[in-house]
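Take a look at the structure set out below.
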Amino acid sequence: MTPYDVGLLILRLVLGLTLAAHGFNKFFGGGRIPGTARWFESIGMKPGTFHATVAATTEMAAGLGLAAGLLTPIPAAGFVSLMLVAAWTVHRPNGFFIVKEGWEYNLVLALSAVAVATTGPGALSLDRLIFGTNLWLHGWAGLLLSIGLGLAGAVGQLLIFYRPPAKRAG
């Protein structure tokens, strides 16, 4: 074990548990799935209940998967997909900076997960425990899998389901 492995563990835990907490909150927090579904409908993600459930499940699975370092590019792809959809549907009109509800935070979460998929999850991971050091899922493969699958998921979801709400006349 090296400081590099500990650093990757810290990064994976913070990223993964943060995203998993968002999913947990959708399931068990304030508005739960019905409240999240109403909000999803209001931003143009229809049907809302389907998307609220898929988002909450994906956030929890991708978050816990990245935190554990299990098949790391797959949960990283979940981060990319979730954050791209969130950035496009909610944060895009607000510009870059998070202080104005922009897409900065989405970018940091998605690309941090891609960086972990590219470097590999480190020695303190389930990938290393299960597959040893010969795991081919990091490096260029981790980069391409996490970005490729994430983009495919987000673009597919947006093309099939996203219907921007009509602008109201003021």
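The values are calculated or read from the model by the stated rules, or taken from the named source; none is laboratory data. Note that the structure is predicted; figures quoted are calculated from it, not measured. Counting neighbours? That spans all protein chains shown, and the Cβs are built from the backbone with ideal geometry, glycine included. These area figures cover heavy atoms from the full protein model, side chains too; ligands, DNA and RNA do not enter into them. Shrake-Rupley method; radii C 1.70, N 1.55, O 1.52, S 1.80 Å.
The table that follows gives values for the structure above.
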quantity	calculated
Segment 52-63 residues that are of a type outside the set (Gly, Ala, Ser), paired with ones that are open to solvent by 50 Å² or more (accessible area, probe 1.4 Å) (beta carbon under 6 Å, 6 or more apart)	59/22
Hits in segment 156-167 (condition: touching a residue at least 40 places away in the same chain (Cβ under 8 Å) and either more than 21 Å from residue 93 (Cβ to Cβ) or open to solvent by 50 Å² or more (accessible area, probe 1.4 Å) (or both))	161, 163, 164, 165
Evaluation of residue 43 against (1) open to solvent by 60 Å² or more (accessible area, probe 1.4 Å); (2) under 17 Å from residue 84 (Cβ atoms); (3) touching a strand residue (DSSP E or B) at 6+ places or on another chain (Cβ under 9 Å) (one fails), failing number	(1)
Candidates 153, 78 - the one that is surrounded by 20 or more Cβ atoms within 10 Å (Cβ to Cβ) and either among the hydrophobic types (A, V, I, L, M, F, W, C) or in contact (Cβ under 8 Å) with a residue 60 or more places away in the chain (or both)	78
Qualifying residues in segment 126-148 (those that are open to solvent by 70 Å² or more (accessible area, probe 1.4 Å) and outside any helix (DSSP H, G or I)) - the one farthest from residue 65 (Cα to Cα)	136
For residue 83: the one exception among (1) under 16 Å from residue 153 (Cβ atoms); (2) in contact with a Ser or Thr (Cβ under 9 Å, 6 or more places away or on another chain); (3) surrounded by 23 or more Cβ atoms within 10 Å (Cβ to Cβ); (4) not polar (S, T, N, Q)	(2)
Pairs with Cβ under 7 Å, 6+ apart, first in segment 27-44 and farther than 14 Å from residue 162 by Cα, second assigned to a helix (DSSP H, G or I) and open to solvent by 30 Å² or more (accessible area, probe 1.4 Å)	33/26; 33/27; 33/49; 33/53; 36/26
Residue tally, condition open to solvent by 20 Å² or more (accessible area, probe 1.4 Å) and not aromatic (Phe, Trp, Tyr), over segment 46-64	10
Index of the failed condition, residue 123 passing every other in (1) open to solvent by 30 Å² or more (accessible area, probe 1.4 Å); (2) of a type in the set (Gly, Ala, Ser); (3) assigned to a helix (DSSP H, G or I)	(3)
Sole residue being closer than 18 Å to residue 107 by Cα, surrounded by fewer than 24 Cβ atoms within 10 Å (Cβ to Cβ) and not aliphatic (A, V, I, L, M), chosen from 92, 38	92
